[in-house]
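Values quoted throughout were computed directly from the atomic coordinates according to the rules given, and no laboratory measurement underlies them. For clarity, every value in this text was computed on a predicted model and none was experimentally measured.
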Amino acid sequence: MKTKIAVGTDIGGSHVTCQLFDLEKYRLIENTLVRKKVNGQATDDEILNSWAEAITETCEGFVISDLAGIGFAMPGPFDYPGGIAWFENVGKFDNLHGVDVRKEIQNRLQLETDFPVRFLNDAACFAVGESVQGEASKHRRLLAITLGTGFGATFIDNHLPVAGKYEIPEDGFLYRVPFRDAVADEYFSTRWFIREYESVIGRNIVGVKEIAEEAKSDEKVAAIFTTFGENLGGFLVPWLTRFEADCLVIGGNISAAYPRFETVLKNEFEKGNLSIPVYISTLQEDAALAGSAYLCDNDFYAQLNLVV
């Protein structure tokens, strides 16, 4: 008999994280978290074996075939409905190009071909998880963004990702949308901070955490966050307005520096006559785990197939 417990799996370029999720109580199950290092440049067998091993460990004490399914928060490029990896020239998982990941995971875990193994973009899983389990769960419509190595963004209506409506791009994402002299991804990511710091200060730096620390005592460095907040607010206002979003959720590593750009971001919202709450994710990776596991809710997944 199938249980209402599913496996959430978050795939990163250097790690895999798994945890069990209760689909009835909408919560991650304590003491089932497993995180393993993965070499993104390894062979396809090594990568897939690492993922399968992590799932096996998190399911200790359970019969995997009795679970509701396995969900993956997976970066792209990837055929999410088909389960086929199309990674190429993205710095990780090149050896999985063209591999049927669903079939390979089912084989490694000795599961039947009809056992649910489902996939969704990692940023979308984060957004779904926030809508199900986070502070934004009390709102119907939200935009969830992740600020880190890249710029992730997903519009959510009643837990479901939205794409191709309200002038939202057909894929539902904003990272490729033109902004100033490039695209959004070049302005709302760690790369921008490092470039801006080197331009303003004239030396190299490791990342945003270090820049935020220097900003406490250096006005020139603090001004970098002002510029970032102005850019981000100005970029987001039209999208949030068109979508009639009830709130904004911010996750990713850069969200830890939110106090450095909070005021200017909200000032941009005010200029755009936008008044919505901004939530900084307290779930972070847990949101992606919850969102990926939620793919194993059959009613949700049936609706999801209609919009993605």
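Observations
- Helix 122-133 and the long axis of the chain differ in direction by around 90°, with both axes built from C-alpha atoms.
- Prolate/oblate/rounded call for the stretch 5-121, Cα gyration tensor, a/c under 1.5 rounded: prolate
- Set of aspartates and glutamates with alpha-carbon distance to Lys220 below 15 Å, sequence-local pairs under 8 removed: Glu196, Glu198, Glu210
- A straight Cα-to-Cα reach below 13 Å connects Lys138 with the aspartates and glutamates Glu130, Asp157, Asp246, residues fewer than 8 places away in its own chain not being considered.
- With 27 Å as the limit, the listed pairs Lys36/Lys266; Lys37/Lys209; Lys25/Lys209; Lys92/Lys216 have Lys36/Lys266; Lys25/Lys209; Lys92/Lys216 beyond it between alpha carbons.
- Calculated P(r) tail over 23 Å for the stretch 135-282, as whole % of Cα pairs: 33 percent
- Residue-averaged 222 nm ellipticity for the chain, from DSSP H runs of 4+ at -39500 (n - 2.57), nearest 500: -11500 deg cm²/dmol
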